[in-house]
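Read the structure below first, then the notes.
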Amino acid sequence: MTAGTAAQAADLATLDALVSDCRACPRLVAWREQVATQRRAAFRDQEYWGRPVPGFGPADARLAVLGLAPAAHGGNRTGRIFTGDRSGDVLFAALHRAGLANQPTSVARDDGLQLRHTRIFAAVRCAPPENKPTPAERDTCAPWLHREVELIRPTLRVVVALGAFAWASWWPVLQRVYRQRPPVPRPPFGHGALARTGTGTPALLGCYHVSQQNTFTGRLTPTMLDDVFARAKDLAGLT
């Protein structure tokens, strides 16, 4: 199974099943499975997902949240993006405050969480060592992201990019899915940065990543996150 099979997916359910079986990047396969076998002490009695993590949210989403990659003991453990780690705690609490999630917590695939008008996915679908995928791994994984955006394109109006890596990962999507040349020079990433790239393409809104490094130091506060999602809702026509 390689990412080249992404184009075969006629719908999100098929895409999610295909991506979950991908073994295209040897380093990532080895790492995700090593983590799933060794496990963190707090989760030693749990069975880890240990596979690529698909996107999450409705097929008619107007707003998308684009992250970097699953966390080793978060999405790689639970099988759902931003689920079971502190970054997810921050993100889903903010989505709930914004009215985009039915509950403020995300701890397991069967916890009853539902997203409203929102789809969440990552540029790289496997947990990478030190949270740092290589450029080659990013490019190998890109067809999954491209096909996912193609499938939600009819309703998608705004993409919130969590961090510079996600921001940079959007430009190939713009070219591949929307047949639009990225701006030259490309707009730089920044918290609250907004890039509009033409009629019929989603607005791109930058947000500091919801990592512990950012939230514990106060670089990203709940108020800052709330402001981003308020703006995103406005851009998506959800207010």
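The values are calculated or read from the model by the stated rules, or taken from the named source; none is laboratory data. All of these numbers come straight from a predicted model, not from anything done at the bench. Reconstructed Cβ throughout: ideal geometry from the backbone, glycine too, with neighbour counts over all protein chains shown.
What residue, of Leu100, Leu115, Leu151, Leu95, is touching a Lys or Arg at 6+ places or on another chain (Cβ under 6 Å), among the hydrophobic types (A, V, I, L, M, F, W, C) and farther than 18 Å from Trp49 by Cβ? Give the derivation first.
Numbers: Leu115 fails: touching a Lys or Arg at 6+ places or on another chain (Cβ under 6 Å); Leu151 fails: touching a Lys or Arg at 6+ places or on another chain (Cβ under 6 Å); Leu95 fails: touching a Lys or Arg at 6+ places or on another chain (Cβ under 6 Å).
Only one candidate qualifies: Leu100.
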Among the residues of the range 213-239, the number that are among the polar types (S, T, N, Q), in a helix (DSSP H, G or I) and under 20 Å from the mean Cα position of the chain (by Cα) is 3
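Checking the conditions here, which among Ala98, Ala36, Ala72, Ala64 is under 16 Å from Leu162 (Cα atoms) and either at pLDDT 95 or above or of a type outside the set (A, V, I, L, M, F, W, C) (or both)? Let's see the steps before the verdict.
Working: Ala98 fails: under 16 Å from Leu162 (Cα atoms); Ala36 fails: under 16 Å from Leu162 (Cα atoms); Ala72 fails: under 16 Å from Leu162 (Cα atoms).
Answer to the selection: Ala64.
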Output the residue which, of all residues in the range 40-70 that are without any contact (Cβ under 8 Å) to a residue 24 or more places away in the chain and charged (D, E, K, R), is surrounded by the fewest Cβ atoms within 10 Å (Cβ to Cβ). Asp45
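Tell me the residue from Ala72, Ala64 that is among the aliphatic types (A, V, I, L, M) and more than 15 Å from Glu148 (Cβ to Cβ), please.
Working: Ala64 fails: more than 15 Å from Glu148 (Cβ to Cβ).
Exactly one of Ala72, Ala64 is among the aliphatic types (A, V, I, L, M) and more than 15 Å from Glu148 (Cβ to Cβ), namely Ala72.
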Every residue from the range 184-207 that is closer than 18 Å to Arg157 by Cβ and among the β-branched types (Val, Ile, Thr): Thr197, Thr199, Thr201
Single condition Val210 does not satisfy, out of (1) at pLDDT 95 or above; (2) more than 19 Å from the chain's Cα centre (by Cα); (3) surrounded by 13 or more Cβ atoms within 10 Å (Cβ to Cβ): (2)
Among the residues of the range 3-38, count how many are assigned to a loop (DSSP other than H, G, I, E, B), touching a residue at least 24 places away in the same chain (Cβ under 8 Å) and not aliphatic (A, V, I, L, M). 5
Among (1) part of a loop (DSSP other than H, G, I, E, B); (2) in contact (Cβ under 8 Å) with a residue 12 or more places away in the chain; (3) of a type in the set (A, V, I, L, M); (4) out of contact with any helix residue (DSSP H, G or I) (no Cβ under 8 Å at 6 or more places or on another chain), the one test that Val184 misses: (2)
